[in-house]
Amino acid sequence: MKNTSVEMVKEVILEVMAENGLNPVPLEGETHILRDTGLDSLGLAIVVVKLEEKTNKDPFEAGFVTFNTIDELAALYDA
């Protein structure tokens, strides 16, 4: 299941990057989302909203959880 979440997160990040005119970059589980993709905090927020729409899951319902990498974000949707 984890691999599926990682792939879903990668797909959404690439989609938001394209919407923001950013060139795609290779994405791995350890990719730091803000530092390595060119997305800013608003772009990251859009990624989270799109993930919530795809999964019908709000991993931040009980409060914000810190994450930096694709693996860390994907793990929030595996829990």
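The values are calculated or read from the model by the stated rules, or taken from the named source; none is laboratory data. Bear in mind that the values here come from a model prediction, so they are computed numbers and not experimental data. No Cβ is skipped: glycine too gets one built from the backbone with ideal geometry, and neighbour counts run over all protein chains shown.
Cβ separations smaller than 6 Å between residues 6+ apart or across chains give the following pairs from the range 56-77 residues that are among the hydroxyl-bearing types (Ser, Thr, Tyr) to residues that are surrounded by 16 or more Cβ atoms within 10 Å (Cβ to Cβ): Tyr77/Ser5.
One residue stands out in the range 11-25 among those that are closer than 16 Å to Arg35 by Cβ and surrounded by 17 or more Cβ atoms within 10 Å (Cβ to Cβ): the one that is nearest to the chain's Cα centre (by Cα), namely Ile13. Just one of the listed residues (Glu30, Glu52, Glu61) is acidic (Asp, Glu), surrounded by 14 or more Cβ atoms within 10 Å (Cβ to Cβ) and at negative phi, and it is Glu52.
Among the residues of the range 64-79, those that are buried (at least 16 other Cβ atoms within 10 Å of the Cβ) and either touching an Asp or Glu at 6+ places or on another chain (Cβ under 8 Å) or of a type outside the set (Ser, Thr, Tyr) (or both) comprise Phe67, Thr69, Ile70, Asp71, Glu72, Leu73, Ala74, Ala75, Leu76.
Would you point out the residue of the range 69-79, among those that are in a helix (DSSP H, G or I) and of a type in the set (Gly, Ala, Ser), that is farthest from Pro24 (Cα to Cα)? First the steps, then the outcome.
Step one: list which residues in the range 69-79 are in a helix (DSSP H, G or I), which gives 70-78.
After this cut, where a residue has to be of a type in the set (Gly, Ala, Ser) as well, the list is 74-75.
Working: Ala74: 19, Ala75: 23 Å.
So, considering only residues that are in a helix (DSSP H, G or I) and of a type in the set (Gly, Ala, Ser), the one farthest from Pro24 (Cα to Cα) is Ala75.
Residue check: is Glu61 among the acidic types (Asp, Glu), modelled with pLDDT of 95 or more and either assigned to a loop (DSSP other than H, G, I, E, B) or in contact with a Phe, Trp or Tyr (Cβ under 9 Å, 6 or more places away or on another chain) (or both)? Don't jump to the end; show me each part of the working.
Details: among the acidic types (Asp, Glu): yes; modelled with pLDDT of 95 or more: no; either assigned to a loop (DSSP other than H, G, I, E, B) or in contact with a Phe, Trp or Tyr (Cβ under 9 Å, 6 or more places away or on another chain) (or both): yes.
So Glu61 does not fit the description; no.
The condition of being modelled with pLDDT of 95 or more, more than 16 Å from Leu73 (Cα to Cα) and either under 13 Å from the mean Cα position of the chain (by Cα) or hydroxyl-bearing (Ser, Thr, Tyr) (or both) does not hold for Met8.
The residues of the range 1-54 that are assigned to a helix (DSSP H, G or I) and β-branched (Val, Ile, Thr), listed by number, are Thr4, Val6, Val9, Val12, Ile13, Val16, Ile33, Thr37, Ile46, Val47, Val48, Val49. For Thr66, state whether it is assigned to a loop (DSSP other than H, G, I, E, B) and polar (S, T, N, Q). The answer is yes for Thr66.
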